[in-house]
Amino acid sequence: MLSNPAHMKNYPWGHERRFNAYSNYFKKHFGARVQKVSIDAGFTCPNRDGTKGTEGCTYCNNDAFNPSYCIPEKPVVQQIEEGIKFHQKRYRTATSYLAYFQAYSNTYAPLEKMKQLYEEALGYPGISGLIIGTRPDCVDVEKLDYIKELSEKCYIAVEYGIESCYNKTLRRVNRGHTVEEAWNALNATSSMGINTGAHFIFGLPGESVKEMLAEAEIISRMPLTTVKFHQLQIIKGTRMEDEFRRRPGDFHVFSWEEYLGFFINFLERLNPAIVVERFTGEAPPRLLVAANWGKKRTDQIVTLVEKSLEELDTWQGRLYIKHGSV
Ligand code: SF4
């Protein structure tokens, strides 16, 4: 357990916020605010194209997460140009941008194709690096060697959709990969000195709150630079919508109040060295079947979590216990 940092000027991550925040991490890294610009470069996914399956993860609906300027038919540079214009209206202080290859699995293509798309993005003025979203079963040594080369010149992170630390859950939601594959991909990426990210969902069917909380200890051992968490949002038109309507008792749908309490408990157990990018997901309410928390925006949620940490006088990693790595 960490000593009580109330007596310290800053927390272990070097600032006064009560969690290891992504925005501060980037300010420290780049010396300025950095904004991500999402790209749909037309990659697909082995869980949809027949390699692993055709039906995809049961909750998958990429339309819920793609900004309107992200259309794969548009060249990467056009998506970046439109994305930067969009963000300049909203975040006037951003001076530097990261191209976020977000939709589907952005390492699931021949290496030459990846090179062409990544380098097109990196050549755009103001782009300082790449965030590459992918699945743990879509990287290999050749691809990681190339990504490592890029990472020696600019900021690069490979962000893996892992979603759960339990194989029973991954099977249930038809992820088409295992927890072991996630560990292998993270270890391979991190050991090459490439920044790693991961995405997890709380509330997947068949998982208890106790099991979700226990993930804090498992995730804390993963070689992660950054992490994103989402509450499960059941999206209209997905296979999970059918499953939820048939067997609602199999799902733990968090209310906002319950999630806040759960997330604080989780954060207290999470390794303070891991940078936390998101606490929640924000699918458009019109697409939601369940877990509709109204119009709370991400920035409001961050404020509410920080207020709660303050009131409870707690912080990320307060109850973290370091175990030997796997
Ligand atoms: S891996 Fe991603 S894109 Fe592929 S089916 Fe699952 S959620 Fe959809």
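The values are calculated or read from the model by the stated rules, or taken from the named source; none is laboratory data. Predicted, not measured: the structure shown is a model, and the values here were computed from it. Neighbour counts are summed over all protein chains in view; Cβ atoms, including those assigned to glycine, are modelled from backbone coordinates with ideal geometry. Only protein heavy atoms, including side chains, enter the accessible area calculation; ligands, DNA and RNA are left aside. Shrake-Rupley method; radii C 1.70, N 1.55, O 1.52, S 1.80 Å.
For the stretch 200-304, give me every one of the helices (runs of 4 or more DSSP H) that falls completely inside it and has 3 or more residues that are open to solvent by less than 10 Å² (accessible area, probe 1.4 Å) and not small (Gly, Ala, Ser).
Fully inside the stretch 200-304 and qualifying: 209-221, 256-269.
Which one of Ile162, Ile84, Ile127 is under 21 Å from Asn187 (Cα atoms) and either within 16 Å of the ligand (Cβ to nearest atom) or in contact (Cβ under 8 Å) with a residue 12 or more places away in the chain (or both)? Spell out the reasoning first.
Numbers: Ile84 fails: under 21 Å from Asn187 (Cα atoms); Ile127 fails: under 21 Å from Asn187 (Cα atoms).
Within the list Ile162, Ile84, Ile127, the selection yields Ile162.
Pairs only if they're at least six apart or on different chains, beta carbon under 7 angstrom, first in the stretch 41-63 and in contact (Cβ under 8 Å) with a residue 24 or more places away in the chain and assigned to a loop (DSSP other than H, G, I, E, B), second more than 7 Å from the ligand (Cβ to nearest atom) and among the aromatic types (Phe, Trp, Tyr); list them, first residue then second.
Hits for this filter: Ala41/Phe101; Phe43/Tyr108; Thr44/Tyr108; Cys45/Tyr108; Pro46/Tyr108.
What single numbered condition from (1) crowded, with 20+ Cβ neighbours inside 10 Å; (2) in contact (Cβ under 8 Å) with a residue 40 or more places away in the chain; (3) part of a helix (DSSP H, G or I) fails to hold for Tyr100?
So the condition that Tyr100 fails would be (3).
Across the stretch 9-59, which residue is least open to solvent (accessible area, probe 1.4 Å) among those that are within 13 Å of the ligand (Cβ to nearest atom) and of a type in the set (Ser, Thr, Tyr)?
Thr58
Would you confirm, using the coordinates I've provided, whether Leu144 is away from the ligand (no atom under 13 Å from the Cβ) and under 14 Å from Phe43 (Cβ atoms)? Give the steps one after another, and end with the answer.
Numbers: away from the ligand (no atom under 13 Å from the Cβ): yes; under 14 Å from Phe43 (Cβ atoms): no.
In short, no.
Among the residues of the stretch 135-145, which ones are surrounded by 16 or more Cβ atoms within 10 Å (Cβ to Cβ) and within 14 Å of Ile194 (Cα to Cα)?
Val139, Lys143, Leu144
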